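A short reminder: the numbers here are calculations on the coordinates, not readings from a lab. Because the structure is predicted, anything quoted here is derived from the model rather than measured. When we count neighbours, we look across all protein chains shown, and the Cβ atoms used for this are built from the backbone with ideal geometry, even at glycine.
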Amino acid sequence: MSSILTRFVNGNLRIEIRGEYAEKFLNLSLMQGIGLSNIVRYDERRIAADIILADIYRLRPIARASHCRFIIKRRQGLPFILERCRRRKLLLIGAVAFCVFLYLASSLVLSLTVTSPYSLSQSEKARIVALAREAGVVEGKLKFTMDLEAAQEHISGELPQLSFVEVSIIGNNVIINVVKRVDVSEEDKIIACGDIVAAKDGVIEQILVRKGTACVKAGDTVTAGTVLVRGYNQSGLVAASAIVSAHVWYSGYGECALENTVVKNTGEQYMTVELSWPKQIKAYVWGDNTPEFQYYYQQQKSMPLVIWRNIRLPVELIITYYQEQQQNIISFTPEQAWQQAAKAAEKNARIALADGTKIVSSDLKEIDAGDSIKRARFTIETIEDIGDFVKVDEQTQQQYQSLLNKDNNSTE
Amino acid sequence: MKNNVRKSIAGALQLPSEVALDQVRIILTGQNNMLAENHKGIIEYGRSKIVFRINSGFVEVLGEGLTISSLQSEELAISGEIIAICFVGEDGR
């Protein structure tokens, strides 16, 4: 690689040596310290080789001494390129001009685009673009002459409704990315008066009231919908807020017979096609209504015959599929049946359980059901927050207000 | 006699023989590339046979499409399909 580079920098010549004693030419060159490469013999009298440009003048006496002649077949390398450039100045100027033009053309801003994660109206976009132009971000200008940060500040200063402005350049395009400030409406700011009610049945373990008046205490049994904390306190009507931990029980039932019948499709299918006229007149086109299956599952599809658009024939095509089924009896030992029933019961109990709920205890009970079937009940006890915020209606708010007034009067 | 003394000195000092005795050193890479160091010049060059001089005679490289990819005063690189390399003494044996 380095030799290729050296040859390129120094200039490389491909010479053709002609004569009887080409080997002598090579040996004399060696003795003079002239390195040759890529030596190829064409025929008895011709050999081609590469030499460095600087060595070419030293070859003349060697050629004379070896009775050979050499001619230059090809010139390569930097000195020849430079020489060509020196002779063809316009080419060099053109190449440089092209590079400069390419650089400048790729530095020109051709368009301004406004983007936002939320929708913006055309007038808003036009206003942002106009502000960017005011700040010097204009189409046709070189991008490195623009102060994007100043443009950003100008836009955000002029449009306070924008919470975020970013001006960046991608290729020839200026991208102005903006985010509009979304103010919370006054209606949303007012938190409605409301109660904390029980979402589930349970026994209160602990109640921690942040706002409102507690209606229950630890140890109380509550059912779903019971008001736990009312939405008023000394200061007036409030949106009640509290953590209400309660013991909640979940129960699941499962059973498993010692002999279970399992129905399975065999894959065999039978199809009938019939034409149906009004007044229950039917004619089978394909098959009849007596499939040779002992157990089967039947599926029917009716297709009205349409001639064109809403012109229909008073005939209907009914296709019936019969899927053959097989009944298998699976037997369990009493122990296996109990395991299955327990498993099903636990699965059913866990269905209503939310992820991450703290389980306090669990209990599995057998329900006495005789010898042919095993039945199980699985109970899970958890402690969870059962409080749910519910807005109260006008009437209740008035009741609370009157209760508050009464309390205040009694205190005075 | 002179050579034998050189040999014994080189053996005693554990010097590489291509340095001490000016012997040829040939490195063959696969069947297609050969590098010979300490050659003494080209005797014959053809597409199927290259003969070069060494200190103790000649080396014949037989093959097909042989080219000298580099020829320097110390090194000779041959590329092409090399079939055989023969060492021939000064007396032709």
How would you rank A:373-383, A:118-128, B:45-55, A:90-100, highest first, on the average number of other Cβ atoms within 10 Å across their residues?
A:373-383, B:45-55, A:118-128, A:90-100
Selection from A:S156, A:A130, A:L403, by position along the positive dipole direction of the protein assembly as shown (Cβ):
A:A130
Among the lysines, which have Cα under 17 Å from the Cα of A:K343 when same-chain residues fewer than 8 positions away are ignored?
A:K365, A:K374
Shielding of B:70-76 by partner chains, average beta-carbon count, 10 Å:
5
Under a GNM of chain A (C-alpha, springs under 10 Å), which listed residue has the highest mean-square fluctuation: A:S251, A:S66, A:S106?
A:S66
Inter-part distance where segment A:245-261 and segment A:263-305 are each reduced to a Cα centre, Å
40
Give me a comma-separated list of calculated 3J(HN,Hα) values for segment A:244-249, in order, Karplus coefficients 6.51, -1.76, 1.60 applied at θ = phi - 60°, integers in Hz, x for any Gly or Pro.
10, 8, 9, 6, 10, 10
Distant-in-sequence amide H partners of A:V238 (H built 1.01 Å from N, under 5 Å):
A:G194, A:Y232, A:N233
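Assuming 0.36 nm per residue, please report the length gained on full extension of the stretch A:K365 to A:S402 beyond their Cα-Cα distance.
Going from the current span to full extension adds 8.2 nm.
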Which residue, A:Q206, A:Q300, A:Q340, tops the fluctuation ranking in a GNM of chain A built on C-alpha contacts under 10 Å?
A:Q300
Under 11 Å from the Cβ of A:E324, count the other residues' Cβ atoms, weight Lys and Arg +1, Asp and Glu -1, and hand me the total.
-1
In peptide B:36-45, how many Cβ atoms from other protein chains are near each Cβ within 10 Å, on average?
3
Which lysines does A:K141 reach when only Cα atoms under 26 Å apart count, and residues fewer than 8 places away in its own chain are ignored?
A:K125
Distance in Å, no decimals, from the C-alpha centre of segment A:146-172 to the one of segment A:342-360 is 55
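Over all residues in A:24-31, what is the mean tally of Cβ atoms on other chains that come within 10 Å of each residue's Cβ?
4
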Partner lysines for A:K73 [C-alpha distance under 30 Å; skip if fewer than 8 residues away on the same chain]
A:K24, A:K89, B:K40, B:K49
